[in-house]
Amino acid sequence: MCVEALPPPSGRLTRRGVLAGAAALAGTMAAATPAAAGPAGRDTPPHAARNTSGGATRGGSLVIRGGTLLDPATGEVTENGVVVIRNGTVHASGPRGSVTVPRDADVLDADGRWVLPGLVDAHIHLSTAAEARDALRRGATSARSGSTSFYQDVAVRELARHSPELAPRLTAAGIFVTPDLGETVLADPDLTPLARLKDGVRSAEALRRVVEVNIARGADVIKTRVNERAGLPEQDPLVQVYSHEQLSEIVTAARRRGKGVLCHSYSEQGCHDAVTAGIRSLEHGAFVGERTLSEMRRRGTYFTPTLTAIAGLAQSTDPVLAERGRTYLPVLKRAVLAAHELGVPLAAGTDSSGGTVRPIGREVGLMRAAGLPALDAIRTATTGAARLLGLERTAGRLTRGFAGDAILVDGDPLADVTVLERPVRVVRAGIAL
């Protein structure tokens, strides 16, 4: 409950100004360059290619030659394939001999290797430039933020637009809509009035405030929760922190500005409340039940189980967390398989945070271990996750018009998906890393 009415958010901060401030926090001033503000064709270098999220991307030109290409959308395998990337975008792909190779192009030899589109991590916390580079080199060429404390993900998104070799293409979530903002209340001056709220961010007015500030700061999606955290031993992840009505308030505020909501969830009741409130994707969801999965299929709600994070709990030195991980992981694997069999769309996400970036290929391996066929497991980190992020015409395939993002792996991922955990080379927007 509010002690007194909250003043309206101020209009003193321009979007360009807040992006520059966020960029400084992440260690780069990329967002403050002229290209960040200029429309297509103005203040943009002639060689730059436009990306779907509105920023200028400096792309490279490259030919990937000689590998075995896998198209996750169709399952088609092309031996001795060629991918031609111009200005960061796929110009052509197909069997060697059917594709014209520019004479002056740089060539990446893929003989003996498999070539796939760059992978998509649909739930990751990137707070530094170093974490962004690490995620990219581990195969995630596109990603969706699971929130940051001080809008660092907004800066990482801008960094990726201008220097694609330094970061994945990123969908930013801004700050977590959660009852206790903690130090995050200092992330923006317009959040500071929330510090005086006796019960935290719970009233309709306070919930709307956090959503509105996030969107003003440039967030692409909104992240909230319905349950407590699994990664803190003092919390019980089955305890519900927001009601159906509160979740609906968040979803409505986000939809009003054209944004979707991802929701941290664990208990069946919490999952059901979140899904019926209209969220876009359910995160974690260990104890999601059949009634909620059926509702998700009907609504087209995505399931991002973050198996990697739950498996990580089982390796914890804290006995409470280790037991939690061992208990939750098999339950979550069964939920993933049930979701797949029902036709619920799945997206792969590692939930990496705190400076430790896990390879997105590990999540694909756990999807496979949960019972998904290899190709379907691969789709959760390519075409499926790309649709969730609104990148279905940009990421997830290596065909004409798609982003020139690729990974090269030693081995057949259809026979052993774990090869995706160890990409030999990563290409981002036509730049071989």
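The values are calculated or read from the model by the stated rules, or taken from the named source; none is laboratory data. What you are looking at is a predicted structure, and each value in this text was computed from that prediction instead of being measured. Every residue, glycine as well, gets a Cβ built from its backbone with ideal geometry; the counts of neighbours run over all protein chains shown.
The table for this structure:
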{"item": "Of all residues making up segment 94-139, the number that are surrounded by fewer than 18 Cβ atoms within 10 Å (Cβ to Cβ) and more than 24 Å from the chain's Cα centre (by Cα)", "result": "17"}
{"item": "Number of positions in segment 140-150 that are more than 11 Å from the chain's Cα centre (by Cα) and either more than 12 Å from ILE222 (Cα to Cα) or outside the structural domain of ARG217 (by TED's automatic domain parsing) (or both)", "result": "2"}
{"item": "Test: residue in segment 166-175 that is within 17 Å of the chain's Cα centre (by Cα), in a helix (DSSP H, G or I) and closer than 29 Å to PRO359 by Cα", "result": "yes"}
{"item": "Meets criteria (surrounded by 19 or more Cβ atoms within 10 Å (Cβ to Cβ), farther than 30 Å from ARG157 by Cα, modelled with pLDDT of 95 or more and polar (S, T, N, Q)) for THR78", "result": "yes"}
{"item": "Scope segment 234-246; condition in a helix (DSSP H, G or I) and either touching a helix residue (DSSP H, G or I) at 6+ places or on another chain (Cβ under 7 Å) or touching a residue at least 12 places away in the same chain (Cβ under 8 Å) (or both); matching residues", "result": "HIS244, GLN246"}
{"item": "Segment 186-233, residues that are outside any loop (DSSP other than H, G, I, E, B) and without any contact (Cβ under 8 Å) to a residue 40 or more places away in the chain", "result": "LEU186, LEU191, THR192, ALA195, VAL210"}
{"item": "Of all residues in segment 218-236 being over 21 Å from ALA122 (Cα atoms) and of a type outside the set (A, V, I, L, M), the one that is surrounded by the fewest Cβ atoms within 10 Å (Cβ to Cβ)", "result": "GLU234"}
{"item": "Any hit, segment 388-407, residues being assigned to a helix (DSSP H, G or I) and of a type in the set (S, T, N, Q)", "result": "no"}
{"item": "Test result for ILE378, over 23 Å from VAL261 (Cβ atoms), touching a residue at least 24 places away in the same chain (Cβ under 8 Å) and under 20 Å from the mean Cα position of the chain (by Cα)", "result": "yes"}
{"item": "So LEU170, is it crowded, with 24+ Cβ neighbours inside 10 Å and either touching a Ser or Thr at 6+ places or on another chain (Cβ under 9 Å) or not assigned by TED's automatic domain parsing to the domain that holds HIS123 (or both)", "result": "yes"}
{"item": "Output for segment 176-207, where each listed residue is of a type outside the set (A, V, I, L, M), within 27 Å of the chain's Cα centre (by Cα), surrounded by 13 or more Cβ atoms within 10 Å (Cβ to Cβ) and over 30 Å from ALA385 (Cα atoms)", "result": "ASP188, ASP190, ARG202"}
{"item": "Restricting segment 335-359 to residues that are of a type in the set (S, T, N, Q) and in contact (Cβ under 8 Å) with a residue 60 or more places away in the chain, the residue that is surrounded by the most Cβ atoms within 10 Å (Cβ to Cβ)", "result": "THR350"}
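For every residue, the table says whether it meets (1) outside the structural domain of THR304 (by TED's automatic domain parsing); (2) under 16 Å from the mean Cα position of the chain (by Cα); (3) in a helix (DSSP H, G or I).
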{"residue": "GLY325", "(1), (2), (3)": "no, no, yes"}
{"residue": "ALA348", "(1), (2), (3)": "no, yes, no"}
{"residue": "VAL364", "(1), (2), (3)": "no, yes, yes"}
{"residue": "ALA415", "(1), (2), (3)": "yes, no, no"}
